[in-house]
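Some notes on the structure that comes next.
The values are calculated or read from the model by the stated rules, or taken from the named source; none is laboratory data. As the structure is a prediction and not an experimental result, all values here were calculated from the model. Using ideal geometry, Cβ is built from the backbone for each residue, glycine included, and neighbour counts are taken over all protein chains shown.
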Amino acid sequence: MSEPSASPTATVRAVATTQPLPAGDERSLVDVELPVPEPGPRDVLVRVRAVSVNPVDTKVRRSADPGGEPRVLGYDAAGVVEAVGADVERFAVGDAVWYAGALDRQGSDAELHAVDERLVGRAPRTLDDAEAAAMPLTSLTAWEVLMERARLHAGSEGVLLVVGGAGGVASMVVQMARLLTRMTVVATASREESRTWLRDLGAHVVVDRSGDVAAAVREVAPRGVDVVVSAYSEGNVELFAEVLRPFGQVVAIDDPEGLDLLPLKSKSISWHWELMFTRSLHGDDPSRQGEVLDEVARMVDEGHLRTTLAERSGPISAAALRAAHARVESGAVVGKVVVEGW
């Protein structure tokens with residue numbers, strides 16, 4: 001293994017949670033010094049240059065109780081390989097990389113981060129660190145939603161409805177659906193800023209979520225929608241049952257509680273869950289995520305996909321990340337919030 005250039009005290013700066021608290025509490029995320037991570041045989045040690053905040057960060061911060069021990073969050077990063085494990089095959093020291101990482105390991109809100117190389121891709125050459133850090137988790141999720149859960153392909157036709165279209169994942173779903181399929185893409189959003197954002201990303205039709213969504217969707221798809229991608233499932237199952245055609249599909253990325261799916265039965269509508277961390281949690285073909293990230297980087301560099309970076313701040317610190325968590329939790333962000341630099 002190549003050796004990292006560690007400080008004399010062999011520690012790195014990081015931001016961690018030690019107890020479940022609201023973002024407004026100064027103890028919710030704290031600045032800490034941690035030992036330099038020791039890369040495993042398949043790990044790369046990345047010097048992190050930028051991270052983005054996703055809803056998963058806020059969920060883990062609010063709900064997980066590490067018992068006073070520092071748990072580092074962060075599930076999107078861009079940086080440079082500082083060292084490699086003995087069995088690493090794809091990367092070398094100095095490579096620019098991007099990745100989302102794994103839920104069951106320490107996250108990327110740290111100067112140095114050890115991550116399985118199979119989950120890592122080569123960063124796009126045409127983006128800066130913040131622009132790149134906005135994309136890995138949402139790009140992977142969007143790819144898995146479209147290509148693996150809904151099983152769409154280049155020849156797929158019909159209507160795709162994206163519910164909650166201005167969020168990070170949905171912003172990538174809209175772009176990828178336009179690029180990789182022949183589907184008509186319809187998205188919902190409640191604010192004019194969000195509707196403009198979605199049109200710019202390529203949505204064919206944008207529906208005001210505060211109005212009669214079913215009626216508006218029926219105008220576009222009188223025979224019914226083929227696929228619904230849902231970031232907001234609670235309270236919407238009956239809407240999905242109404243607008244989907246028989247044998248249609250729902251792919252949900254959120255965490256609704258007590259969901260009643262019975263309204264979908266009469267149309268034999270299928271329901272799919274999508275969790276981007278399934279591959280890393282269960283060891284199911286984790287290398288596929290690195291391959292997808294390489295493909296996404298190619299599409300970015302060829303000008304076919306754009307970053308969904310909306311807001312950037314820095315340097316990376318507990319205060320900056322608390323503010324970023326609060327912004328994400330507000331629900332008012334279009335695109336992604338990134339914190340960069342140390």
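Could you check the range 142-158 and list, in sequence order, the residues that are of a type outside the set (Asp, Glu), in contact (Cβ under 8 Å) with a residue 40 or more places away in the chain, surrounded by fewer than 24 Cβ atoms within 10 Å (Cβ to Cβ) and not in a loop (DSSP other than H, G, I, E, B)?
Scanning the range 142-158 gives 143, 149.
When only residues in the range 159-187 that are among the polar types (S, T, N, Q) and more than 27 Å from residue 78 (Cα to Cα) count, which is surrounded by the fewest Cβ atoms within 10 Å (Cβ to Cβ)?
184
Kindly check whether there is at least one residue in the range 98-112 that is assigned to a helix (DSSP H, G or I) and over 29 Å from residue 213 (Cβ atoms).
No, that holds for no residue.
For the range 159-181, enumerate the residues that are at pLDDT below 95 and either assigned to a loop (DSSP other than H, G, I, E, B) or in contact with a Lys or Arg (Cβ under 7 Å, 6 or more places away or on another chain) (or both).
Correct list: 164, 165, 166, 167, 168.
Considering every residue within the range 274-284, establish whether at least one is more than 18 Å from the chain's Cα centre (by Cα), surrounded by 16 or more Cβ atoms within 10 Å (Cβ to Cβ) and at pLDDT 95 or above.
no
Go through 44, 15, 80 for me and flag whichever is in contact with a Leu (Cβ under 9 Å, 6 or more places away or on another chain) and within 29 Å of residue 144 (Cβ to Cβ).
One residue alone meets the criteria, 15.
Consider residue 83 carefully, then state whether it is more than 23 Å from residue 134 (Cα to Cα), assigned to a strand (DSSP E or B) and modelled with pLDDT of 95 or more.
Yes: the conditions hold for residue 83.
Out of (1) in a strand (DSSP E or B); (2) more than 24 Å from residue 286 (Cβ to Cβ); (3) in contact with a strand residue (DSSP E or B) (Cβ under 6 Å, 6 or more places away or on another chain), the odd one out for residue 13 is which?
Only one criterion is unmet by residue 13, namely (3).
Do you know which residues across the range 31-87 are within 11 Å of residue 112 (Cα to Cα), crowded, with 23+ Cβ neighbours inside 10 Å and in contact with a Lys or Arg (Cβ under 6 Å, 6 or more places away or on another chain)?
Within the range 31-87, 79, 82 meet the criteria.
In the range 289-332, which residues are over 17 Å from residue 54 (Cβ atoms) and either small (Gly, Ala, Ser) or outside any helix (DSSP H, G or I) (or both)?
Hits for the range 289-332 are 290, 297, 302, 303, 304, 305, 306, 314, 315, 317, 318, 319.
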